[in-house]
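Inspection log for the structure reproduced underneath, given as structure tokens.
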Amino acid sequence: IYVDLCDADDRVLIISADGVELIDGDEECPVVFRRSRQLPIELGDGSGSLEDIRAMVNMDDDQFIVFVACAVKMFFPDTPSPIVNLIGEYGSAKTSTTRVLRTLIDPVSAMVAPGSDKVDDVLVRAWHNYVLTLENMSDLTKLSDTLCGITTGMGFEVRQLFTNGDLFSIWVRRPVIVNGIDPSKYAADLISRMVEIELEKPEKRMLESEFEQQLSETAPRMFIGAVTLVMEVLKVLPQIDAHAFADNVRLAEFGAIGEATARVMGRDEGWFIEKMVEAQDIAQDEAADDSATMQALESFQEPVARRGEFWGTPQELLIELQRSAEIIGLNASRLPMTAATLSRELNQLKPSLRKRGWEIDKKSRKWRLVPPPEISADEIAAM
């Protein structure tokens with residue numbers, strides 16, 4: 001792994017399982033970097049550990065492992081990265097934690113900046129930054145597909161200003177950090193790429209000036225601590241087969257890096273993957289429970305069960321769901337307005353519906369829905 005230190009001497013750090021090597025600016029480097037807004041990364045006296053990072057964030061030990069796993073993944077730019085979502089109550093230092101995480105790999109003058117719901121603005125920011133941060137975003141609805149593309153890798157073309165025929169083309173794959181976003185309200189694609197890290201409110205708040213000074217003084221030691229962990233992860237990573245859990249985890253490469261990080265930090269084999277699957281299942285269930293379509297389907301379940309199944313067009317299903325919404329007092333305006341929109345939402349709800357016992361398929365432009373069988377009194381008692 002090659003890290004441009006972005007200093008005036010053009011020094012580059014090489015990290016491998018065998019150790020760390022520093023290339024001076026007058027030595028030949030096999031990698032060419034494109035610089036934009038990055039500030040120099042200081043090495044200090046070359047010492048540091050994870051404890052330096054731990055002292056700057058407020059979270060429990062399990063969440064800290066997930067946090068540093070996300071930091072380690074940022075050193076691997078050639079595979080999709082997760083969307084890191086920092087959550088916590090008011091005063092839990094979400095903005096400060098965002099700055100700490102970004103300091104480990106991509107320090108810039110504007111460490112956090114107010115987000116925008118304009119796709120062009122977000123893509124240009126991603127082009128000029130290695131880590132994309134979205135601060136104070138209450139809604140990601142308009143950016144859901146764009147953020148999925150940015151973390152996976154996407155191209156973008158617009159007409160160049162002051163020209164009639166030229167195109168400006170870019171391609172980006174970036175780690176993304178957001179804070180305070182409730183993922184239950186978004187599409188399954190976005191949720192499956194999102195990693196939640198829950199922060200704790202510190203017992204004593206630090207003045208902003210004190211935090212600035214401490215972050216500046218600690219940054220070199222935190223960077224060395226992160227680099228040392230990356231080196232240890234590179235030793236363990238060849239032992240982990242990402243294909244073994246690719247069916248259960250959307251970001252399999254991140255899962256492998258997280259699993260290696262957890263093992264380096266003393267956790268048992270499979271601990272990180274289990275945490276990822278559990279968190280994604282919870283987020284998917286919360287999103288399904290918040291869906292008006294899911295609520296209408298659950299109301300629609302009993303009459304469908306009497307018929308055995310529903311087989312019909314999306315428009316016919318939409319009419320049935322609107323009737324069910326009236327029965328349970330659900331505001332029908334929360335349901336999809338068109339049959340096409342309903343079909344898209346059903347595709348997103350498929351995993352949650354199947355987990356709840358539904359059979360759901362679409363054939364010949366028609367939906368087939370079979371509700372779960374009724375649970376007997378004996379089964380309830382056994383549960």
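Some observations on this one:
- Which listed residue, of Arg99, Arg125, is open to solvent by 20 Å² or more (accessible area, probe 1.4 Å), in a helix (DSSP H, G or I) and touching a helix residue (DSSP H, G or I) at 6+ places or on another chain (Cβ under 9 Å): Arg99
Okay, residues lined up against (1) open to solvent by less than 80 Å² (accessible area, probe 1.4 Å); (2) of a type in the set (A, V, I, L, M):
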{"site": "Ser192", "(1), (2)": "yes, no"}
{"site": "Glu198", "(1), (2)": "no, no"}
{"site": "Pro202", "(1), (2)": "yes, no"}
{"site": "Arg205", "(1), (2)": "no, no"}
{"site": "Glu217", "(1), (2)": "no, no"}
{"site": "Arg221", "(1), (2)": "no, no"}
{"site": "Ala226", "(1), (2)": "yes, yes"}
{"site": "Val230", "(1), (2)": "yes, yes"}
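- Neighbours by Cβ (under 7 Å, 6+ apart or cross-chain): first from the range 102-125, closer than 18 Å to Cys70 by Cβ; second surrounded by 15 or more Cβ atoms within 10 Å (Cβ to Cβ) and among the basic types (Lys, Arg): Met111/Arg99; Met111/Arg102; Val112/Arg99
- Any chance Ile105 is open to solvent by 20 Å² or more (accessible area, probe 1.4 Å) and within 25 Å of Glu259 (Cβ to Cβ): yes
- Residues satisfying the stated conditions in the range 303-333, i.e. at pLDDT below 85 and either under 20 Å from Asp361 (Cβ atoms) or over 35 Å from the mean Cα position of the chain (by Cα) (or both): Pro303, Val304, Ala305, Arg306, Arg307, Gly308
- Answer from Asp45, Asp52, Asp61, Asp24 - the residue that is in contact with a Gly (Cβ under 9 Å, 6 or more places away or on another chain) and of a type in the set (Asp, Glu): Asp52
- Extreme residue, surrounded by the fewest Cβ atoms within 10 Å (Cβ to Cβ), among residues of the range 285-302 that are of a type in the set (Gly, Ala, Ser) and free of Cβ contacts under 8 Å to residues at least 40 places away in the same chain: Ser299
- Number of the exception - Ala17 against (1) out of contact with any Leu (no Cβ under 6 Å at 6 or more places or on another chain); (2) exposed (fewer than 14 other Cβ atoms within 10 Å of the Cβ); (3) touching a residue at least 12 places away in the same chain (Cβ under 8 Å): (1)
- Within the range 260-273, the set of residues being of a type in the set (Gly, Ala, Ser) and surrounded by fewer than 21 Cβ atoms within 10 Å (Cβ to Cβ) comprises Gly266, Gly270.
- Single unsatisfied condition, Gly44 versus (1) modelled with pLDDT of 90 or more; (2) buried (at least 17 other Cβ atoms within 10 Å of the Cβ); (3) in a loop (DSSP other than H, G, I, E, B); (4) out of contact with any Cys (no Cβ under 8 Å at 6 or more places or on another chain): (2)
- Residues located in the range 50-88, provided they are of a type in the set (Gly, Ala, Ser) and more than 24 Å from Arg205 (Cα to Cα): Ala69, Ala71, Ser81
- One residue from Ile328, Ile282, Ile257, Ile319 being open to solvent by 40 Å² or more (accessible area, probe 1.4 Å), aliphatic (A, V, I, L, M) and under 30 Å from Ile65 (Cβ atoms): Ile282
- For Val32, the requirement of being assigned to a loop (DSSP other than H, G, I, E, B), aliphatic (A, V, I, L, M) and on the phi < 0 side of the Ramachandran plot is met.
The values are calculated or read from the model by the stated rules, or taken from the named source; none is laboratory data. Just so it is clear, the structure is predicted and the values come from calculations on it, not from any experiment. Here the Cβ is made from the backbone with ideal geometry for all residues, glycine too, and neighbour counts use every protein chain on show. Note: areas computed on protein heavy atoms with side chains; ligands, DNA, RNA excluded. Shrake-Rupley method; radii C 1.70, N 1.55, O 1.52, S 1.80 Å.
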